[in-house]
Amino acid sequence: MKPRLLIVDDDPLISESLAFVLAPEFDLTCAADRTSAVEKLRAMPEPPELALIDLGLPPAPHLPNEGFKLIGDLLAHAPEVRIVVLTGQNEESNARRARALGAADLVPKPCEPEDLRAVLHKTLRARVIAPAPGSAEEDRSLIGDSPPMRELTRMIEQVGP
């Protein structure tokens with residue numbers, strides 16, 4: 001069974017291109033704005049494992065506000081979903097804020113399909129290893145994935161609660 005992926009982008013050409021490139025590996029659902037993305041998420045029998053979203057969405061496609069709101073909406077309705085932001089608004093401050101809100105990664109537009117696939121699969125693998133944002137398990141874990149943090153986490157797990 002293919003992992004489920006919600007794609008949210010207001011540019012039909014980008015959505016169609018992403019669907020063409022990613023359909024062989026993912027079960028796709030596409031939305032063009034925040035409202036329809038949340039509606040489609042609610043209608044799914046099970047939430048997607050991944051969401052690939054643009055920050056610049058209607059009604060203000062040249063600002064990241066709707067994308068930031070969408071990150072919160074997705075995590076409120078499906079805390080286990082991992083979010084990858086694919087955006088042309090790739091200033092460092094937007095990347096930091098997206099990650100602070102719960103996004104797993106940010107990929108700047110334009111990007112190579114192979115690079116995007118690699119990020120999605122890496123995020124999917126991390127989803128299996130790491131607890132979902134907001135889960136009870138997450139409350140007991142450390143934030144970070146650097147080698148020192150992994151070593152510290154390993155040491156803590158050896159000692160126990």
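Worth pointing out:
- Screening the candidates G56, G72, G67 for the property of being touching a Ser or Thr at 6+ places or on another chain (Cβ under 9 Å) and either at positive phi or in a helix (DSSP H, G or I) (or both) yields one hit, G67.
- K40 being part of a helix (DSSP H, G or I), open to solvent by 60 Å² or more (accessible area, probe 1.4 Å), under 21 Å from K109 (Cβ atoms) and not acidic (D, E): no
- Some residue of the range 70-80 being over 24 Å from R125 (Cα atoms) and open to solvent by 60 Å² or more (accessible area, probe 1.4 Å): no
- Against the list (1) open to solvent by 20 Å² or more (accessible area, probe 1.4 Å); (2) farther than 24 Å from A126 by Cα; (3) not in a helix (DSSP H, G or I); (4) not acidic (D, E), the condition F20 fails is (3).
- R96 being open to solvent by 50 Å² or more (accessible area, probe 1.4 Å) and within 20 Å of T123 (Cα to Cα): yes
- Taken over the range 23-37, the criterion of being open to solvent by less than 60 Å² (accessible area, probe 1.4 Å), out of contact with any strand residue (DSSP E or B) (no Cβ under 6 Å at 6 or more places or on another chain) and not in a helix (DSSP H, G or I) is satisfied by A23, E25, A32, D33.
- The set of residues from the range 1-42 being of a type in the set (V, I, T) and within 19 Å of E114 (Cβ to Cβ) comprises I7, I14, V21.
- Condition check for V84 on (1) more than 10 Å from the chain's Cα centre (by Cα); (2) touching a residue at least 24 places away in the same chain (Cβ under 8 Å): one failure, at (1).
The values are calculated or read from the model by the stated rules, or taken from the named source; none is laboratory data. Note that this is a predicted model, so its numbers are computed, not measured. When we count neighbours, we look across all protein chains shown, and the Cβ atoms used for this are built from the backbone with ideal geometry, even at glycine. Note: accessible area is taken over every heavy atom of the protein model, side chains too, but ligands, DNA and RNA are not part of it. Shrake-Rupley method; radii C 1.70, N 1.55, O 1.52, S 1.80 Å.
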